[in-house]
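Asks: This is the structure I have questions about; it appears just below.
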Amino acid sequence: MQTSEEIEESTDPYQNPEMEGATVHNIEVYKISAPTIKFLSIFPARLERSLEWFDNPIIKLCQTPRGNFFFLLSHFFTALVAIEYIVALPILLFILGFDHMGSKCLYIGMVLCFFSQVPKRFVWRYRPYMAYRAEERQRDKTSSFPSRAVACSVVYAYVVNIFVMFYTESKEISWWMFLLMVVCPILASFSRINLGVHYPSDCLCGAILGLTVCTVANGFYQLDKNICGECYDPPDYSLGVCYAGGPIKELSS
């Protein structure tokens, strides 16, 4: 009888050349088992097979660069789009008195955290390295679908753009703003695919998710602006100052 290590080696396309090109659905062997959580569904096998024509060639292309340089570069780009930044940013802006941008970033952060977590809570997709469809360069043990890093890259590019447009009082979209919205998700996608932890289809869905987050968050922001305009009206419009810039009142004992 084969040990678990022998089974893993014999079914790994990188250890066994005869297995190269085999799909997860044919070998039915995974490095990590799906968690047994209520209401968690496995990513449909039929959909997985239908996406192979798109995913497999791009995985192979993105994993061609190897070595310490690309390993560190992929981790660097991944660190730049960590979701923790959008959680801390509104707090920092409120402390500095920039309530206008703080409110906007707060809505963006709340929508991003909710929208990016829901799919991972209810849908489990084996990461490429788990299914022996990519070389293992990082061992993430959560669901692959969708790519939160790519969603964050779109959101962060959008945040940079609105910061520049608001504080320069410009309503025109510059060419570099569009370029930023394209380059950021591409770099994030390459990094995650290169590490073997995301499929290209995960990254594409992550980019769509990021655009959805920006749209929904902007809707909440506009609703807040219509209800409470103190943070957005002149003469403090340029700074977005609300209560932080007003007179300090002491409570009577």
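The values are calculated or read from the model by the stated rules, or taken from the named source; none is laboratory data. These numbers come from a predicted model, not from an experiment. Glycine also receives a Cβ, built like all others from the backbone with ideal geometry; neighbour counts cover every protein chain displayed. Keep in mind that these areas ignore ligands, DNA and RNA; they rest on the heavy atoms of the full protein, side chains included. Shrake-Rupley method; radii C 1.70, N 1.55, O 1.52, S 1.80 Å.
Asks: Taking only protein heavy atoms and a 1.4 Å probe, what accessible area per residue, in Å², does segment 29-115 have with all protein chains in place?
Replies: 61 Å²
Asks: Separate question: For a quick check: with amide H placed at 1.01 Å from N, whose amide H comes under 5 Å from Val123's, ignoring anything fewer than 5 positions away on the same chain?
Replies: Amide H to amide H, under 5 Å and 5 or more residues apart or across chains, Val123 pairs with Ser41.
Asks: With every protein chain left in place, what is the accessible area of Cys205 in Å² (1.4 Å probe, nearest 10)?
Replies: About 50 Å², ignoring ligands and nucleic acids.
Asks: Same structure, new question: What Kirkwood Rh does segment 27-122 have if only Cα atoms enter the pairwise 1/r average? Answer in Å.
Replies: Its Kirkwood hydrodynamic radius stands at 17.5 Å.
Asks: Then there's this: Keeping the other protein chains in place, figure out the carbon and sulfur percent of the accessible area of segment 59-196, with a 1.4 Å probe.
Replies: Of all accessible area on segment 59-196, carbon and sulfur atoms account for 74 percent.
Asks: Reachable lysines from Lys31, Cα under 18 Å, same-chain residues fewer than 8 places away excluded?
Replies: Correct list for Lys31: Lys141.
Asks: Could you derive backbone 3J(HN,Hα) for segment 196-212 from the dihedral phi with the Karplus parameters 6.51, -1.76 and 1.60 (θ = phi - 60°), listing whole Hz in sequence and x where the residue is Gly or Pro?
Replies: Each residue of segment 196-212 in turn: x, 10, 9, 8, x, 5, 4, 5, 5, 5, x, 5, 5, 4, x, 5, 5 Hz.
Asks: If I ignore ligands, DNA and RNA and count only protein heavy atoms, how much of Asp224 is accessible to a 1.4 Å probe, in Å² to the nearest 10?
Replies: Surface open to solvent at Asp224 totals about 40 Å².
Asks: Cβ neighbours within 10 Å, averaged per peptide: list 168-176, 111-119, 88-96 in order, most packed at the top.
Replies: Output ranking for 168-176, 111-119, 88-96: 111-119, 88-96, 168-176.
Asks: Taking θ as phi - 60°, what are the ³J(HN,Hα) couplings along segment 109-125 by the Karplus curve (6.51, -1.76, 1.60), each to the nearest whole Hz, with x for Gly and Pro?
Replies: Whole-Hz 3J(HN,Hα) from phi for segment 109-125: x, 5, 5, 5, 4, 6, 5, 7, 8, 4, x, 5, 6, 10, 10, 10, 10.
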